[in-house]
Amino acid sequence: MNYVKRICVLLAAVMLLTLAACGEKKPKDANVLQLGDYELLYKGAAIMKDSEGYDALVLTLDYTNNSDTSQSYLLSVMETATQKGKTLPTTLVYPSEDTYISMGDSQFTEVEPGKTLEIHTCFLLTDTSAPVEVLFEELFDNKSATITVDPSTLTKNAPDKDTAGAGDKEDGEKNTKPPAQVGDTLLDWWNGPWYGWWVMSGCYGGYEDMEGSTWDVCADIDIGQDYTGTVTLWDEDYTKDDPMSLATVSLDKLGTGDYGTMMSEEGYFTDLVLYHADWIVDPGLEDVKDVIHINGYYEKGDDQFTYDIYLRPWGTMWDDVVDDQLPFYYHDWYLPLVEVGEPMPDDFAGIQG
């Protein structure tokens, strides 16, 4: 009987241990962010100087693509950083003075299904001690996750480049310096802030009543040494952080003029996906110099329209065009900003006033 009792006690102990093990839950890793078909692993952060010498928060993430198609971080994840209730703009950070490849360029790289790529994302800080909350959202879905970073706990790593004096500005002073010239005719012409207007025509379906409607629009063009990059567009109803259009583009030296041809590769315009060659932009075809004309076609079911976007570099005087070719807020909003040397804003806040 003693032998039988011992066996029963041992079996009961094993069962208790098994049940206890089954009840244990693996602790959730707060640094792993699940965004539907995509996974982010937050690996750390640092404070570095951006291309203008300002403090930037640089996050390092592992981006895993669990979807069925190759995808880039840039066109699958939307990010928003806030500090003290204000949205922080993204910024350029170069790891070395010997390269024009910024730390954020890894976001353009397509990742095959099931593969992982380390990427960086960089935000311009307004305060090196206040916490920053970063919201990550799956671009075409509602999956989201957040992390909070305390800059006061981070190390400051200056990029290996000469930024002496670049940060010696009074608090609150805005940077009005034009984009750095890199000695490449095409890149120096295309890259930077642009302003203009866009118009709808040939409207059908739900857009029929919007025939001829126009909006002022801003754009940020960022193309790298490999002649690939992005075009970000926002009009009066959008912002740079929540743009009307975000397109990955390629640049070719061939064109009818001196500045080659820019072509869309992927991205979106409002709620429509952009594909290769949906945009083919050749500035040499325009009658007025320093003009980008983006022409596209929107079609979703019975809803259709053609859109034409006209852009010129921020700061350009439009004295060489007639009044009906000017952006609507050219005199009341654009010129006052340009005349006092203001940089292009990230939104049209207050434009209606």
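The values are calculated or read from the model by the stated rules, or taken from the named source; none is laboratory data. Small disclaimer: the values here were computed from a predicted structure and weren't measured. As a convention, Cβ positions derive from the backbone with ideal geometry for all residues, glycine included, and neighbour counts pool all protein chains shown.
Below are the figures for this structure:
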item: Residues of segment 304-345 that turn out to be charged (D, E, K, R) and under 30 Å from residue 272 (Cβ atoms), as a count; result: 3
item: Residue match in segment 209-216 (condition: buried (at least 21 other Cβ atoms within 10 Å of the Cβ) and either in a strand (DSSP E or B) or not assigned by TED's automatic domain parsing to the domain that holds residue 75 (or both)); result: no
item: Enumeration of residues in segment 232-246 that are assigned to a strand (DSSP E or B), under 9 Å from the mean Cα position of the chain (by Cα) and free of Cβ contacts under 8 Å to residues at least 40 places away in the same chain; result: 232
item: Some residue of segment 119-127 being aliphatic (A, V, I, L, M) and touching a residue at least 60 places away in the same chain (Cβ under 8 Å); result: yes
item: The lone exception for residue 197 - which of (1) surrounded by 17 or more Cβ atoms within 10 Å (Cβ to Cβ); (2) of a type outside the set (Val, Ile, Thr); (3) under 28 Å from residue 253 (Cβ atoms) it fails; result: (3)
item: Residue list for segment 50-98, restricted to those being under 26 Å from residue 225 (Cβ atoms) and β-branched (Val, Ile, Thr); result: 58, 60, 77, 90, 91, 93
item: Condition met for residue 319 (loosely packed, with under 12 Cβ neighbours inside 10 Å and modelled with pLDDT under 95); result: yes
item: Whichever residue in segment 298-332 is aromatic (Phe, Trp, Tyr) and within 25 Å of the chain's Cα centre (by Cα) and, among such residues, is farthest from residue 286 (Cα to Cα); result: 298
item: Tally, over segment 280-325, of residues that are in contact with a helix residue (DSSP H, G or I) (Cβ under 9 Å, 6 or more places away or on another chain), part of a loop (DSSP other than H, G, I, E, B) and of a type outside the set (Asp, Glu); result: 9
item: Where residue 103 falls short, out of the listed (1) surrounded by fewer than 21 Cβ atoms within 10 Å (Cβ to Cβ); (2) touching a Pro at 6+ places or on another chain (Cβ under 8 Å); result: (1)
item: Flag if residue 279 is hydrophobic (A, V, I, L, M, F, W, C) and either in the same structural domain as residue 80 (by TED's automatic domain parsing) or under 30 Å from residue 135 (Cα atoms) (or both); result: no
